[in-house]
1. Taking the options Thr302, Thr312, name whichever one is polar (S, T, N, Q), in contact with a strand residue (DSSP E or B) (Cβ under 8 Å, 6 or more places away or on another chain) and not assigned by TED's automatic domain parsing to the domain that holds Tyr202.
2. Looking only at the range 297-312, which residues are touching a residue at least 60 places away in the same chain (Cβ under 8 Å) and among the hydroxyl-bearing types (Ser, Thr, Tyr)?
3. Can you tell me which residue is nearest to the chain's Cα centre (by Cα) among those in the range 26-66 that are under 20 Å from Cys91 (Cβ atoms) and among the hydroxyl-bearing types (Ser, Thr, Tyr)?
4. Search the range 185-195 for residues being in contact (Cβ under 8 Å) with a residue 40 or more places away in the chain and touching a helix residue (DSSP H, G or I) at 6+ places or on another chain (Cβ under 6 Å), and hand back the single one that is surrounded by the fewest Cβ atoms within 10 Å (Cβ to Cβ).
5. Filter the range 297-330 down to the residues that are of a type in the set (A, V, I, L, M, F, W, C) and modelled with pLDDT under 90 and list them by number.
6. Keeping to the range 111-148, report how many residues are β-branched (Val, Ile, Thr) and closer than 18 Å to Pro190 by Cα.
7. What are the residues in the range 250-294 that are at pLDDT 85 or above and of a type in the set (Gly, Ala, Ser), if any?
8. Could you say whether any residue in the range 46-68 is in contact (Cβ under 8 Å) with a residue 60 or more places away in the chain, loosely packed, with under 15 Cβ neighbours inside 10 Å, outside the structural domain of Ile184 (by TED's automatic domain parsing) and under 24 Å from Pro190 (Cα atoms)?
Amino acid sequence: MTPKELVIQCLKTIQDTRDAGQRWYTLISGCLIELRFIRCSCDHGVFILTTPEETCYIALETDDLLFISKTRAPFLRLKASLEQLFDLTVCEGSVLKFLNLHIVQSPSGISFDQTRHIQHVILSEYFKDIPPSSIKRQMYPFPLEPSFEKQLYEAPPLTGVELTAVTKRFRFAFGHVVGGLMHITTVSRPDLAYSVMRYSGYMSCPNLPIFEALHLTMCYLYYHPHLPIMCSSKQSLPTTSIQTHWKTGFAEYLPGDYGDGLATFADADFARCLRTRRSVSANFHLLHGVLVSWNCKKQPITALHSSGAELTSLHRAAFKCSLLKTFLTSLGVFIT
């Protein structure tokens, strides 16, 4: 039997369903453009409506739309227009759910989190039938002891029967748990960025120490499920510093002042990986003091010195900052 005889030709009706998502996007985007919305040049899932009174935005994710405006009048016009074409389920108010994001608007500002998704999907599955009293309280998401890096370096990868036994002991496949953490890290949990970056390097060949570290991360998430990203109103910003007293003296925490533009912070951890000696780059971007983007990733090459690692991290941060500035400009937001 030849390789050509092993290929099964698909029916035309099956092939036609492959572009169903593209056809739906063409339909909904055409409707929005007819309603005088302008598609963002940098992100085709964002649409902008500019009126003399205000600027409105739509975030489109398949058949879910998030509409943002200062007043209800543009929303009511959009709702009436779309109801003539589609069957809609509409929710409006100070508390909204968009995909698995929980969005809350209050006099203090606007916050979003994935607490319900974390508790009801990730944690409830991982800690099923485990009493809360037996879950270790963890204050940080990844082991910080220097001895752990040595254990991680010296431990052999698990294969065959050993991998099956360890997976049965921890009750879940390594990649399954890390995949769930990757999702929430990308959307709303920057505190897990470093941990997920380290775990992603062991997806195909985990060892026992990395399994144990992953369990500690899940314990940390169990005790810290609610860490929303907050966009505070100007009136709610602190004006006084926080004063603390320690055994060795006095300390003062001043409120952060990042200006009214785009602030970028970058750092590098030189030769963190003992196996490859590759450094780690991390960068965080704040817009008007609100965290809007974050990244933590191994550098592609081995830096010969700490200055090289820092420069690589700064280059990545500057490149991301340039992309954010271009995206904001396409939305009509001009920053410094």
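1. Details: Thr302 fails: in contact with a strand residue (DSSP E or B) (Cβ under 8 Å, 6 or more places away or on another chain).
Thr312 is the lone residue from the list that is polar (S, T, N, Q), in contact with a strand residue (DSSP E or B) (Cβ under 8 Å, 6 or more places away or on another chain) and not assigned by TED's automatic domain parsing to the domain that holds Tyr202.
2. Applying the first criterion (touching a residue at least 60 places away in the same chain (Cβ under 8 Å)) to the range 297-312 yields 297-298.
None; the set is empty.
3. Checking each candidate, the answer is Thr62.
4. Step one: of the range 185-195, the residues in contact (Cβ under 8 Å) with a residue 40 or more places away in the chain are 187-195.
Now narrow it down to the ones that are touching a helix residue (DSSP H, G or I) at 6+ places or on another chain (Cβ under 6 Å): 192-193, 195.
Working: Leu192: 23, Ala193: 20, Ser195: 24.
Only one residue tops the list, namely Ala193.
5. First, the residues of the range 297-330 that are of a type in the set (A, V, I, L, M, F, W, C): 301, 303-304, 309, 311, 314, 317-319, 321, 323-324, 327-328.
Residues satisfying the conditions are Ile301, Ala303, Leu304.
6. Residues of the range 111-148 β-branched (Val, Ile, Thr): 115, 118, 121-122, 130, 135.
Those left that are additionally closer than 18 Å to Pro190 by Cα: 115, 118, 122.
Qualifying residue count, the range 111-148: 3.
7. Ala263, Ala266, Ala268, Ser279, Ser281, Ala282, Ser293
8. Going through the range 46-68, the residues in contact (Cβ under 8 Å) with a residue 60 or more places away in the chain turn out to be 46, 48, 50, 55, 57.
Adding the requirement that they be loosely packed, with under 15 Cβ neighbours inside 10 Å leaves 50.
Then drop every residue that is not outside the structural domain of Ile184 (by TED's automatic domain parsing), which leaves 50.
Right, trim to under 24 Å from Pro190 (Cα atoms) and you get none.
No, the range 46-68 contains no residue that is in contact (Cβ under 8 Å) with a residue 60 or more places away in the chain, loosely packed, with under 15 Cβ neighbours inside 10 Å, outside the structural domain of Ile184 (by TED's automatic domain parsing) and under 24 Å from Pro190 (Cα atoms).
The values are calculated or read from the model by the stated rules, or taken from the named source; none is laboratory data. As the structure is a computational prediction, the values presented were derived from the model and not from experiment. When we count neighbours, we look across all protein chains shown, and the Cβ atoms used for this are built from the backbone with ideal geometry, even at glycine.
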